[in-house]
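Okay, so here's the structure we're looking at.
The values are calculated or read from the model by the stated rules, or taken from the named source; none is laboratory data. Values in this document were obtained by computation on a predicted structure and should not be read as measured data. Every residue, glycine among them, receives a Cβ derived from its backbone with ideal geometry; neighbour counts consider all protein chains shown.
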């Protein structure tokens, strides 16, 4: 498997002074690398939503894996820890870089459950690995599946960045209990993830909502509400966006014509596919390919 650097892998969002969020999305079939300087005194949080990432330290002498549904925390007050990351195919990661000063300001003086906030630990290096909770997974998924006006994108990410940190340090077992009781059950979260996998695997002929709910063992109301909360869209709204992105990748490959791409994602006629593609990207597949070649 080859590895290459690409500028399309990441998106960096400034949440606040000394508080940066980086969104990594490798939907390709190859390893991609990302490198960034990180000044001394910044705490690093890394959340693996999907796939696998490898963090490289000391010029390749030491590596650390970030697995799916795991989080890593790094802090070293004495030396820089530059980001040198390899994202494996189909991997999604959210990283947060925040200064120790900014981080201290987020919590009250009685936050004793946060180990490196204590007086004896604040100047020591720190490493931690934890599971991502269902509540954190919901927020992370929402960062990759959102339909918002670009003008409020930073505001949206700002809220999600703070929400993610609060859930990371929240020691309650049921942090979602008030807002969405059925999602505190890990089994129900897995059922909704299964529903997503089913519609993707059958994108050309997806099951109806009632049938999908039956297949994953949820009632229709819970399926619709849970899917919206985790993925930020309706079942078929999510599937439409996925199909259009999949179609765009097929067109980019140069291996299929417009009619073949439409058939692969479930459109019986080229005209229906062209209309759907134009609705999503405000251009036709033919014009899209022409613009790519210019």
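Just a few scattered comments:
- Any chance residue 218 is at pLDDT 90 or above, closer than 23 Å to residue 138 by Cα, in a loop (DSSP other than H, G, I, E, B) and out of contact with any strand residue (DSSP E or B) (no Cβ under 6 Å at 6 or more places or on another chain): yes
- Single residue of the stretch 153-187 satisfying the filter (modelled with pLDDT under 80 and part of a helix (DSSP H, G or I)) that is surrounded by the fewest Cβ atoms within 10 Å (Cβ to Cβ): 187
- Highlighted here are the strands (runs of 3 or more DSSP E) found entirely within the stretch 57-100 that include at least 3 residues which are modelled with pLDDT of 85 or more and crowded, with 18+ Cβ neighbours inside 10 Å: 70-75, 83-87, 91-99.
- Residue 197 satisfies every condition listed in (1) surrounded by 13 or more Cβ atoms within 10 Å (Cβ to Cβ); (2) part of a helix (DSSP H, G or I); (3) modelled with pLDDT of 90 or more except (1).
- Test result for residue 42, surrounded by 15 or more Cβ atoms within 10 Å (Cβ to Cβ) and in contact (Cβ under 8 Å) with a residue 60 or more places away in the chain: no
- Residue list for the stretch 266-290, filter: under 27 Å from the mean Cα position of the chain (by Cα) and assigned to a loop (DSSP other than H, G, I, E, B): 266, 282, 283
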